[in-house]
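> Have a look at this one.
Taken together, the values in this text are just the output of simple stated rules run on the coordinates, not laboratory data. What you are looking at is a predicted structure, and each value in this text was computed from that prediction instead of being measured. Backbone-built Cβ (ideal geometry, glycine too); neighbour counts: all protein chains shown.
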Amino acid sequence: MPNNTAEATAKAATTSGEDASLKLEEFLPYRLNVVANLVSQALSRVYAKRYGIGVPEWRVLVTLGQYGVMTGKQVGAHSHMHKTKVSRAVAMLEKRKLLVRRANRADLREAFLSLTPGGREIYEDLAPSALKFAEQLMQVIDPADRAAFDRALTRLTDRAAMLAPELFEDD
């Protein structure tokens, strides 16, 4: 007599998934994550090959290129990176002399970060390539739809930021 559990498992593994209550490929958070990962991987090929930096270093470098001087905490908040990732990226960029730290005399636990001339040069060199990449990516969206797309992304970002703490209150 066949094992009912084994049969059920085999049957579940071979079904098309059409009756599934949650289909990963249709699940918005998953789809957004796939797009974000694919975009990040494609863009990282540009700066990894040219400058030998990874995603966290790129985010720190671009954030400081945009704002000039910030603390590590501010960089993390702006780039949505955990403080350990920011710290490692800052250490690597500092080792390569692409950024400098200045002590905050008012609070010695933190430092002010800024790009060196070499870091600024990479930022200025990288910006046109990054903007061209973004332009090429947006070409699949009709120009008439781009403002609506931007509004939708902003709303999704704001909503996700609001929901994240709420989802973990019950834990």
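> Can you put 138, 162 in order, fewest other beta carbons within 10 Å first?
Listing 138, 162 from fewest to most nearby Cβ atoms yields 162, 138.
> Ok, one more. Once amide H atoms are placed 1.01 Å from N in the peptide plane, what residues at a sequence separation of 5 or more from residue 53, or on another chain, have their amide H within under 5 Å of its amide H?
Sorted by chain and number, the residues that satisfy this are 48.
> For the range 26-171, take the convex hull of the Cα atoms, compute a quarter of its surface area, and give me that in nm², please.
The Cα convex hull of the range 26-171, projected and averaged over all directions, gives 11.2 nm².
> Amide H to amide H under 5 Å from residue 99: which residues, 5+ apart in sequence or cross-chain, H placed 1.01 Å off N in plane?
So residue 99 has HN proximity to 94, 116.
> Here's a follow-up. What GluC sites (Glu not before Pro) does the range 68-171 have in DSSP loop regions with at most 14 other beta carbons within 10 Å?
110, 169
> Let me know the charge dipole size of the range 58-171 about its Cα centre in debye, to the nearest 20, where only the beta-carbon of Lys, Arg (+1) and Asp, Glu (-1) is charged.
Using Cβ point charges on Lys, Arg, Asp and Glu, the range 58-171 gives about 740 debye.
> Modelled label-to-label distance, residue 140 and residue 42, 7 Å Cα→beta-carbon offset: nm?
0.6 nm
> Can you give the longest run of the chain that contains no trypsin sites (Lys or Arg not before Pro) sitting in a DSSP loop with at most 14 other Cβ atoms inside 10 Å?
It works out to 24-96.
> Continuing with this model, one more query. Rg (Å, one decimal) plus Dmax (Å, integer) for the alpha carbons of the range 77-123?
Radius of gyration, then largest Cα-Cα span, for the range 77-123: 11.3, 31 Å.
> Can you give the FRET efficiency to the nearest 0.05 for residue 101 and residue 20, using r as the Cβ-Cβ distance and R₀ = 35 Å?
0.10
> Next up: Mind giving me the nanometre distance, one decimal, between the label points for residue 149 and residue 32, set 7 Å out from Cα along Cα→Cβ?
Modelled inter-label distance: 1.7 nm.
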